[in-house]
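Report on the structure given below.
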Amino acid sequence: MKRVLRVFAALSATAILSALTVSGASASILSPAVTGGPNAPAVGSNCLFSTAGTPCYLRNRDGFYTAGDTHGDTVNTDSANGSRYIYQPYLTDDGYTYGSISTTNGALCWNFITSLDNVYLDSCQTGDANELFAMVPCPDGSWCISNFDWGPGYRLYGAADDTPISFVSYKASAPEEWDALSST
């Protein structure tokens, strides 16, 4: 219930922001707070994925990239090629900043369907809890990515070539530690 109320509050803030933007008022005072990740790239990374609007590839420590750019398809692992994605911070909850992860044109966002256990690409819906992800620093300096609905105890996981990425209970293993890279 607490998370539903926070999402509702975030949606209300978005509506206010839209109204201010339409009326010509400055929207900079309503920017989301970014407190869940460092300002510098993670160890092994050379792309500032935590900075809004920066397109990066995500590769885990087992060498698998996140890949996918088709509506309705899963985001998969790929050992040779990746898709660039953009992180856009949206709201802060319990000390973690959650945001959307979208394709570079901003048309499709990662959407975690809990009943299917995988991340899919779907039309972006501002404030959809299934589409909110946190970039959390892992102990080794890489990124551990969690989902708003499942909380920080579950991390994005990809351990085999050409399989859908999903979330698992945090174990601190290489398939859960992601570097943000400027090229594949």
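In the range 107-136, the residues that are closer than 22 Å to Thr51 by Cα and open to solvent by 30 Å² or more (accessible area, probe 1.4 Å) form Cβ pairs under 8 Å with partners that are outside any strand (DSSP E or B) and among the hydroxyl-bearing types (Ser, Thr, Tyr), at six or more places apart or across chains, as follows: Thr126/Thr14; Asn130/Thr114. Just one of the listed residues (Ala180, Ala159) is open to solvent by less than 10 Å² (accessible area, probe 1.4 Å), more than 15 Å from Ser100 (Cα to Cα) and touching a Pro at 6+ places or on another chain (Cβ under 8 Å), namely Ala180.
Given the criteria surrounded by fewer than 18 Cβ atoms within 10 Å (Cβ to Cβ) and farther than 21 Å from Arg59 by Cα, does Asp94 qualify? Criteria met by Asp94.
Among the residues making up the range 121-161, those that are of a type in the set (D, E, K, R), touching a strand residue (DSSP E or B) at 6+ places or on another chain (Cβ under 9 Å) and at pLDDT below 90 are Asp128, Asp149, Arg155, Asp161. In the range 34-135, counting only strands (runs of 3 or more DSSP E) that sit wholly within it, the ones holding 1 or more residues that are hydroxyl-bearing (Ser, Thr, Tyr) span 55-60, 65-67, 76-78, 85-93, 96-103, 118-123.
The values are calculated or read from the model by the stated rules, or taken from the named source; none is laboratory data. Here the structure is a predicted model, which is why all the values come from computation and not from measurement. Don't worry about glycine lacking a Cβ; one is built from the backbone with ideal geometry, like all the others, and counts go over all protein chains shown. Only protein heavy atoms, including side chains, enter the accessible area calculation; ligands, DNA and RNA are left aside. Shrake-Rupley method; radii C 1.70, N 1.55, O 1.52, S 1.80 Å.
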